[in-house]
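These notes are about the structure you will find just below.
The values are calculated or read from the model by the stated rules, or taken from the named source; none is laboratory data. Everything quoted here is computed from the prediction, not taken from an experiment. For neighbour counting, all protein chains shown are included, and Cβ atoms are generated from backbone atoms with ideal geometry for every residue, glycine included. Note: accessible area is taken over every heavy atom of the protein model, side chains too, but ligands, DNA and RNA are not part of it. Shrake-Rupley method; radii C 1.70, N 1.55, O 1.52, S 1.80 Å.
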Amino acid sequence: MNLLDHNPHLADLETDYLYHLGLTSKDELKAMFGNVKHVAMHGSADRALAFALKLNEELGPGIDPSLVTPIGKTERFVLYKIGNVISVSHGMGQPSHSILLHEITKLLHYAGAQDFQYYRLGTSGGIGVEAGTVVVSRRGLNPAGEPKYSLYVLGKERDYPTEFDPVLAQEILDCRGEIEAVLGDTVAADDFYIEQGRLDGAFCPITPAQKMNWLQGLYAQGARNMEMEAAGFAAFCNVLEIGGADICVALLNRLHGDQVTSTQAQLAAFADNPQRMLLDYIKKKAAEAQTATEVH
Ligand code: R2B
Ligand code: URA
């Protein structure tokens, strides 16, 4: 993929300031990021660090964990690089994730990285699946249950398709081992409370019966979880033809309630599930690349 085919105006910039990352196109991006093949994005900075530490321990270079340090500024996103993998936080919701997606994609373009893939490792509310289950998304849906993401472009609404790469989704599901994991559609809402049909927000415009009716309708059409990024993420990957996968653990089954009542230890254990699956996938790809090099 040549990013200039998607945005020729980038060629007019003498320096591109990747403002939220605290890096610019004039930095040594080729040396730092030219070899990147995997970008793992996490909602929280703590989970981005946890995954970086696992990568460091299991894939090498096995440096002192205290030297696993962020690159760029850490005010908005926190970014680590271990081997050919970036582990970075994206904040909550499609607007925040979209900023990271644009800047990380330009960063990899300036770095000359090729054939990389994007993953979101997130948390979600399960729809008919229990806490701890990982949902690998087939498609993102808007809260109306439609497989599209809508953006206002110069004031006019434009829709983008939200299918994820089916081969990649299946390959990641195949890395589940003992972890409970399913393929399913993922509803992306722009709010945790009202747009996710919760009854426990500061205000509530719906009845319990309306909520259940909506959740059951989503379940019947194939949705298995709800979060705040899937549709925008899939749309972005589709426009730029980048392989992308949304791998989210359910923190609760929304058919049984709204509140997230797990302890910090339980939440950390749940968050480990998508990370273990992606680690396994990255290890398989590294082994395949190694075999290919040996054959040639
Ligand atoms: C899942 O968890 C966050 C809200 O708690 C949000 O980023 C999401 O998609
Ligand atoms: N994240 C969400 O967006 N919704 C949930 O229910 C849980 C985590």
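For the stretch 39-58, indicate whether the set of residues that are more than 16 Å from ligand 2 (Cβ to nearest atom), assigned to a loop (DSSP other than H, G, I, E, B) and open to solvent by 70 Å² or more (accessible area, probe 1.4 Å) is non-empty. Within the stretch 39-58 (the criterion being more than 16 Å from ligand 2 (Cβ to nearest atom), assigned to a loop (DSSP other than H, G, I, E, B) and open to solvent by 70 Å² or more (accessible area, probe 1.4 Å)), the answer is no, since none of the residues qualifies. Just one of the numbered conditions (1) over 28 Å from Tyr152 (Cα atoms); (2) within 14 Å of ligand 2 (Cβ to nearest atom); (3) surrounded by 19 or more Cβ atoms within 10 Å (Cβ to Cβ) is not true of Leu255: (3).
No other residue among Asn225, Asn238 is under 17 Å from the mean Cα position of the chain (by Cα), of a type outside the set (Lys, Arg), assigned to a strand (DSSP E or B) and at pLDDT 95 or above apart from Asn225.
With respect to the stated conditions, Met212 fails to be within 16 Å of ligand 2 (Cβ to nearest atom), closer than 30 Å to Asn7 by Cβ and open to solvent by 10 Å² or more (accessible area, probe 1.4 Å). Within this structure, Tyr193 passes the test of being under 21 Å from the mean Cα position of the chain (by Cα), farther than 30 Å from Asp5 by Cα and of a type outside the set (Gly, Ala, Ser). A single member of Ala271, Ala286, Ala245 is within 26 Å of Gln216 (Cα to Cα) and more than 16 Å from ligand 2 (Cβ to nearest atom), and it is Ala245. Quick check on this structure: which one of Val129, Val135 is closer than 22 Å to Glu195 by Cβ, among the hydrophobic types (A, V, I, L, M, F, W, C) and open to solvent by less than 10 Å² (accessible area, probe 1.4 Å)? Answer to the selection: Val135.
Restricting attention to the stretch 266-296, the residues being in contact with a Leu (Cβ under 8 Å, 6 or more places away or on another chain) and either of a type in the set (Lys, Arg) or exposed (fewer than 14 other Cβ atoms within 10 Å of the Cβ) (or both) number 1.
I'd like to know if the stretch 257-265 contains one or more residues that are of a type in the set (A, V, I, L, M, F, W, C), in a helix (DSSP H, G or I) and more than 21 Å from Asp115 (Cβ to Cβ). Yes, that holds for at least one residue.
Among what's in the stretch 191-232 and is more than 16 Å from ligand 1 (Cβ to nearest atom) and in contact (Cβ under 8 Å) with a residue 60 or more places away in the chain, pick the residue that is nearest to Leu101 (Cα to Cα).
Start the filter on the stretch 191-232 by keeping residues that are more than 16 Å from ligand 1 (Cβ to nearest atom), which leaves 199, 203-217, 219-222.
Pick out the ones that are also in contact (Cβ under 8 Å) with a residue 60 or more places away in the chain and you get 215, 217, 219, 221-222.
Values: Leu215: 29, Gly217: 31, Tyr219: 29, Gln221: 29, Gly222: 27 Å.
Among them, the one singled out is Gly222.
Contact annotation: residue pairs with Cβ atoms under 9 Å, 6 or more positions apart or on different chains, pairing a residue in the stretch 121-137 that is charged (D, E, K, R) with a partner that is open to solvent by 10 Å² or more (accessible area, probe 1.4 Å) and not in a strand (DSSP E or B), are Glu130/Glu180; Glu130/His256. In the stretch 246-264, the residues that are within 29 Å of Phe164 (Cα to Cα) and at pLDDT 95 or above reach residues that are among the aromatic types (Phe, Trp, Tyr) and open to solvent by 10 Å² or more (accessible area, probe 1.4 Å) with C-beta atoms within less than 9 angstrom, at least six apart or across chains, in these pairs: Asp246/Phe164; Val249/Phe270; Ala250/Phe270; Leu251/Phe270; Leu255/Tyr219; Asp258/Tyr193.
The condition (being loosely packed, with under 14 Cβ neighbours inside 10 Å, under 19 Å from the mean Cα position of the chain (by Cα) and modelled with pLDDT of 95 or more) is satisfied by just one residue among Pro161, Pro166: Pro166. Name the residue that is farthest from ligand 1 (Cβ to nearest atom), counting only residues in the stretch 233-269 that are acidic (Asp, Glu) and within 30 Å of Asn7 (Cα to Cα). Result: Glu241.
Residues that are assigned to a loop (DSSP other than H, G, I, E, B), farther than 22 Å from Ile179 by Cβ and either within 16 Å of ligand 1 (Cβ to nearest atom) or in contact with a His (Cβ under 6 Å, 6 or more places away or on another chain) (or both) within the stretch 107-165 comprise Asn142, Pro143, Thr162, listed in sequence order. Restricting attention to the stretch 169-190, the residues being free of Cβ contacts under 8 Å to residues at least 12 places away in the same chain and open to solvent by less than 60 Å² (accessible area, probe 1.4 Å) number 0.
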